[in-house]
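Data first, discussion second: the structure below is written as structure tokens.
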Amino acid sequence: MDIGVISMRYARALLMSSLSEKNEDVVYREMCTLAKSFIDVPQIRNVIDNPMLSAEKKIHVLLTACGGSPSPLTVSFLKLVLKEDREKMLQFMANSYVTLYRKHKGLIPGKLITAVAVSPQTENKVRQMVEKRTHGTVEFQTEVDPDIIGGFILEYDTYRLDESVKTRLRTVLSALKK
């Protein structure tokens, strides 16, 4: 079977279970944390895929990757995944859950990258502008990246607006090279 099909089935089942238990928001935060843990600590993949490690040790690592003390539903889900030997697909399952949850709740991920920190008022204005354009609720993140020198990069849904000084300088440089 295809990884995408399997991970989507597990994620959909987890979403349905979390909706019936009315703790979908908690499971969402835990799946976001788990997905981020796989990115931030790539060694988790090696530990989870190691056939020499017991299921108890794997579940301990996964519980820690979910934030320490996840909800009973998440614990049951992780145990099921390990029991069915689907742990290689767990990162995809977590990401699929996040996608399904956002679609169900009408959330749109957004990110504002600036060279220096912006005030909460500026962040709120940008969030409101994006929500007005998308007619949805924006799950907004701000990030400071001094490498862009100045300006900003705004990303939401499939849209990206790059008004950074770094990009403008790169454009001018490529024009001068021609």
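The values are calculated or read from the model by the stated rules, or taken from the named source; none is laboratory data. Note that this is a predicted model, so its numbers are computed, not measured. Virtual Cβ from ideal backbone geometry, glycine too; neighbours counted across all protein chains shown. When the accessible area is computed, the model is the full protein with side chains, heavy atoms only, and any ligands, DNA or RNA have been set aside. Shrake-Rupley method; radii C 1.70, N 1.55, O 1.52, S 1.80 Å.
Key figures for this structure:
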quantity	calculated
Greater than 21 Å apart at Cα, pairs in Lys79/Lys105; Lys36/Lys58; Lys111/Lys166; Lys22/Lys105; Lys58/Lys103; Lys22/Lys83	Lys79/Lys105; Lys58/Lys103; Lys22/Lys83
R0 of 41 Å, Cβ-Cβ distance Lys83-Glu139: FRET efficiency to nearest 0.05	0.80
Global form of region 12-114, assessed from the alpha-carbon gyration tensor, a/c cut-off 1.5	oblate
Nearest 10 degrees, 0 to 90: helix 120-134 Cα axis against the chain principal axis	80 degrees
Carbon and sulfur %, accessible surface of the chain computed with the full protein complex present, 1.4 Å	56 percent
Mean Cβ neighbour count within 10 Å, used as a protection proxy, ranking 77-85, 52-60 highest first	77-85, 52-60
Long-range amide H partners of Ile108 with built H, under 5 Å	Thr137, Val138, Glu139
Thr171-Gln121 FRET efficiency (beta carbon distance; Förster radius 25 Å; 0.05 resolution)	0.25
Mean ellipticity per residue at 222 nm, deg cm²/dmol - from DSSP H runs of n ≥ 4 across the chain, formula -39500 (n - 2.57)	-20000 deg cm²/dmol
Antiparallel %, DSSP beta bridges [both residues in the chain], to 5	55 percent
Rounded tilt (10° steps) of 90-105 against the dominant C-alpha axis of the chain	60 degrees
Degrees between helix 55-65 axis and first principal axis of the chain (Cα, 0 to 90, nearest 10)	30 degrees
Solvent exposure of the chain as accessible area per residue, Å², 1.4 Å probe	62 Å²
Hz values of 3J(HN,Hα) by residue in region 77-85 - Karplus curve (6.51, -1.76, 1.60), Gly and Pro given as x	4, 4, 5, 4, 4, 5, 4, 8, 6
